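In what follows, a single structure is set out as structure tokens and then discussed.
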Amino acid sequence: MKKLAIILIPLIIVQFSFANNGDTFPSITGESLKNKMIELPKAAKGKYCLIGMASSRKAEADLQTWMQPVYDLFINQNTFIPIDYNMDIFFIPMFTGANQAAYKKVMKKTKAEIDPELAPYVLFYKGSLDPYKAHLKDKNKPYFFVLDENGKIVYSTSGKYTAKKLDQIEGIVFHEKH
């Protein structure tokens with residue numbers, strides 16, 4: 001029985017992390033740090049897209065742990081042979097409910113403090129959380145979604161950055177592209 005439990009627990013965890021696969025990602029419009037409105041997944045049609053979303057301060061802190069590793073792997077690529085992943089990447093802090101009042105202040109602070117290399121990959125969302133609740137089950141965690149060229153979720157994960165999670169994302173994107 002112990003062996004069965006040991007086998008089932010990883011399967012349950014893997015199944016949970018893929019719970020949204022095959023769903024079309026719900027439309028979300030965010031504001032870039034250059035004050036341009038971008039609608040996802042529409043703006044990424046024809047490309048794979050990695051979207052990270054945070055709907056609380058705790059989740060946003062964990063979302064930030066992903067920014068530099070994702071940038072280094074998919075965008076900066078200081079490697080001997082860079083790989084063209086041909087994908088869009090967006091980190092989305094979400095301002096919902098009472099937090100909407102802080103939207104402008106936080107955006108202004110972010111513009112002043114963010115690494116200019118990361119700025120193009122940040123979108124701010126202000127509005128209702130309702131359309132996204134099915135995909136963002138725990139507001140204290142950031143959620144990451146890999147979308148295919150048609151806006152379908154092909155992979156999802158949540159929580160703080162780990163090399164294993166990023167390796168899984170890279171494997172999916174690389175496998176689909178090559």
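Odds and ends about this structure:
- Qualifying residue in segment 37-52 (condition: surrounded by fewer than 15 Cβ atoms within 10 Å (Cβ to Cβ), closer than 29 Å to Ala101 by Cβ and touching a Phe, Trp or Tyr at 6+ places or on another chain (Cβ under 9 Å)): no
- Pairs linking a residue in segment 66-82 that is surrounded by 14 or more Cβ atoms within 10 Å (Cβ to Cβ) to a residue that is at pLDDT 90 or above and small (Gly, Ala, Ser), with Cβ atoms under 6 Å and 6 or more positions apart or on different chains, are Trp66/Gly52.
- For segment 145-163, the tally of residues that are among the aromatic types (Phe, Trp, Tyr), in contact with a helix residue (DSSP H, G or I) (Cβ under 7 Å, 6 or more places away or on another chain) and closer than 23 Å to Arg57 by Cα stands at 1.
- Residues that are in contact with a strand residue (DSSP E or B) (Cβ under 6 Å, 6 or more places away or on another chain) and closer than 26 Å to Thr162 by Cα do occur in segment 125-134.
- Residues in segment 40-82 that are charged (D, E, K, R) and in a helix (DSSP H, G or I): Lys42, Arg57, Lys58, Glu60, Asp62, Asp72.
- When each of Phe124, Phe90, Phe145 is tested for being touching a residue at least 60 places away in the same chain (Cβ under 8 Å), in a strand (DSSP E or B) and more than 26 Å from Ile172 (Cβ to Cβ), the lone residue that passes is Phe124.
- Taking the criterion of being in a loop (DSSP other than H, G, I, E, B) and in contact (Cβ under 8 Å) with a residue 24 or more places away in the chain, the residues of segment 148-163 that qualify are Asp148, Glu149, Asn150, Gly151, Gly159, Lys160, Tyr161.
- Residue list for segment 69-87, restricted to those being of a type in the set (Ser, Thr, Tyr) and under 14 Å from Ile172 (Cβ atoms): Tyr85
- Per-region count, segment 35-65, residues of a type in the set (D, E, K, R) and free of Cβ contacts under 8 Å to residues at least 12 places away in the same chain: 2
- Residues that are modelled with pLDDT of 90 or more and among the aliphatic types (A, V, I, L, M) within segment 76-104 comprise Met87, Ile89, Ile92, Met94, Ala98, Ala101, Ala102, listed in sequence order.
- Among the candidates Leu166, Leu136, residue that is in a loop (DSSP other than H, G, I, E, B), in contact with a helix residue (DSSP H, G or I) (Cβ under 9 Å, 6 or more places away or on another chain) and either surrounded by fewer than 19 Cβ atoms within 10 Å (Cβ to Cβ) or touching a residue at least 24 places away in the same chain (Cβ under 8 Å) (or both): Leu136
The values are calculated or read from the model by the stated rules, or taken from the named source; none is laboratory data. Model, not experiment: these values are computed from the prediction. Don't worry about glycine lacking a Cβ; one is built from the backbone with ideal geometry, like all the others, and counts go over all protein chains shown.
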